[in-house]
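Remarks on the structure that follows.
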Amino acid sequence: MKKESALHRACRRSFGVSLAVLTLCAFLFAPKVQAQIVQDENGNIPAIRHPKSIQPVIGNAWQQLQRRHLFDFSDSINSVVVDPVVQAHWGQTQGLESNAIWDNIRGARFRARIDGMWYVGGELLERQGVASPMLGHWAAQNRIPGWGRSKLGRDNESNTADNAYYDVSRARGWCGWSNSTWFVDTGIDALHIGAGNSSAFLSLEAAPAPYLRLARKTGNHLSSIWLTRWIGTIRGPLGETSESLLNRSSALFAVQAWQAHPRILVQGVYSFVREKEASKASGHWDGWEEGDMYHAQRHWGGVELQLQSSKKSSVPWTIYLQSALDIIPRKGHVDSGINPANALTHLIGFKVEGDALAFRLEYVQREHGHCKACLVDSLSTGLHIAAGPDRAVLENGGISVQNPWGEALRLDALWNPKGGGSLRFHAEHNALYSWVTPEIAFVLQSAWPLSAFASYSIGTSDRFDSTFRFWQVGVCSDLRRD
């Protein structure tokens, strides 16, 4: 009998609000748009990530103050702007060990157009806080989705998932060039692939990584290839320094997008990942000698299919499906039930993006094939032994490059009418938590950007005996709030 997933068990529990009600509410509330992230019409991260010209601010003194960049060094040829990043909120919890939660992010963001050819941007951020339950699950493991490795605890306190103090920093930056056919860019960032919030290949929830990319667009085809490097959480052998280096992985991505029809997009993805740290082979592997040295690696990839609304539609919508799998198995696997081609991640979603309304419903699941050292039961001893060579992990900074949660059903909606106010609604079921969050926000400064917000969350988890609740108020700069 097939084992029931944690998400299926969670969905079966009474949560007080049915999915039908959540869907109805989702059209009335909304998530903030992530202004610091730019995606093309297919959901991928383009080489040129801001308008080719930064328009001058017009209007009265108050309107100019609301729309003006903090520093603007632009002239008739070049555009250079620098803005602060200020995001802070404070809240109270009920039903948890910790009463107060808070988050403090500060830093700077810039973008520039040089000589009409080069486009540059980036940000440098620092972040501290006491985590909400869902973020605390990761902070207690010294990692933050979208950020990577983090510090935990303060004076030997605030170091559990229920009461986690975290301290982390993040740098993102890129430099791109294009002549409308060829595209070249390099930097440090998470290069999203696909129309979803998560991805079966590479998502915005991954930690930023250095990369170098080359792309070419001809007709209905867009081809791109890039190299990147991920950092692990396990340290290698002690070398000449007092502390050994963390294991690293080199990754190659190749993506081919084809607009097969005005309403149909097909993307093929191939990736090869190889860990830098060498490992030793076991003698019982077929084709290996005891002690042979090898580097864990993985050939994997898959396909995305997007069904899109007509270009003339007043409310654009997209249905998207992604599936990733191992495409070349490693030699030497004993009989362990591991298929020659292992399924890795599946994703399906639907989104609507209008002028004032946005809605997204998405489901993602990671399979067991993600394992690094897949195991098998030894019939003679009953012990677990390695079934074959390790496979390279698809993680950067301890966070999956696809989706932090192994399985998740997520609903987001946005109502953003004219006037600066917006309503947000978020609901999610995953393997560990289920929660809903309505939020109201008002834009204070559109160029930085900066908004004031208030939200209320209610959820359940197998970790807690009763329902937990927490509210938050503060200001945000359109950064993801996990």
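General remarks:
- Residue list for the range 178-191, restricted to those being assigned to a strand (DSSP E or B), closer than 14 Å to Ser224 by Cα and hydrophobic (A, V, I, L, M, F, W, C): Trp182, Phe183, Val184
- No other residue among Ser244, Ser198, Ser203 is open to solvent by less than 20 Å² (accessible area, probe 1.4 Å), over 28 Å from Gly122 (Cα atoms), of a type in the set (Ser, Thr, Tyr) and in a loop (DSSP other than H, G, I, E, B) apart from Ser244.
- Of residues in the range 216-238 being of a type outside the set (A, V, I, L, M) and in a loop (DSSP other than H, G, I, E, B), the one modelled with the lowest pLDDT: Pro237
- Answer residue from the range 448-465, given it is among the hydrophobic types (A, V, I, L, M, F, W, C) and over 30 Å from Val80 (Cα atoms) and is farthest from the chain's Cα centre (by Cα) among those: Phe464
The rows are residues; the columns are (1) more than 25 Å from Gln402 (Cβ to Cβ); (2) assigned to a loop (DSSP other than H, G, I, E, B).
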{"site": "Tyr165", "(1), (2)": "yes, no"}
{"site": "Gly173", "(1), (2)": "no, no"}
{"site": "Gly176", "(1), (2)": "no, no"}
{"site": "Ile193", "(1), (2)": "no, yes"}
{"site": "Leu214", "(1), (2)": "no, no"}
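Residue-wise test of (1) in contact with a Gly (Cβ under 7 Å, 6 or more places away or on another chain); (2) surrounded by fewer than 20 Cβ atoms within 10 Å (Cβ to Cβ); (3) at pLDDT 75 or above.
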{"site": "Ser323", "(1), (2), (3)": "yes, yes, yes"}
{"site": "Pro329", "(1), (2), (3)": "no, yes, no"}
{"site": "Gly349", "(1), (2), (3)": "yes, no, yes"}
{"site": "Val352", "(1), (2), (3)": "no, yes, yes"}
{"site": "Thr381", "(1), (2), (3)": "no, yes, no"}
{"site": "Gln402", "(1), (2), (3)": "no, no, yes"}
{"site": "Trp405", "(1), (2), (3)": "no, no, yes"}
{"site": "Pro417", "(1), (2), (3)": "no, yes, yes"}
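- Condition met for Arg113 (in contact with a Lys or Arg (Cβ under 9 Å, 6 or more places away or on another chain), touching a residue at least 24 places away in the same chain (Cβ under 8 Å) and open to solvent by 30 Å² or more (accessible area, probe 1.4 Å)): yes
- Failed condition for His89, given (1) open to solvent by 30 Å² or more (accessible area, probe 1.4 Å); (2) farther than 30 Å from Ala47 by Cα; (3) part of a strand (DSSP E or B): (1)
- Residue check, Asn99 free of Cβ contacts under 8 Å to residues at least 12 places away in the same chain, closer than 30 Å to Arg469 by Cα and not aromatic (Phe, Trp, Tyr): yes
The values are calculated or read from the model by the stated rules, or taken from the named source; none is laboratory data. Only a predicted model underlies this, so the values are computations on that prediction, with no experimental measurement involved. Here Cβ is always computed from backbone atoms with ideal geometry, including for glycine, and neighbour counts include all displayed protein chains. Side chains included, ligands, DNA and RNA excluded: accessible areas come from the protein's heavy atoms. Shrake-Rupley method; radii C 1.70, N 1.55, O 1.52, S 1.80 Å.
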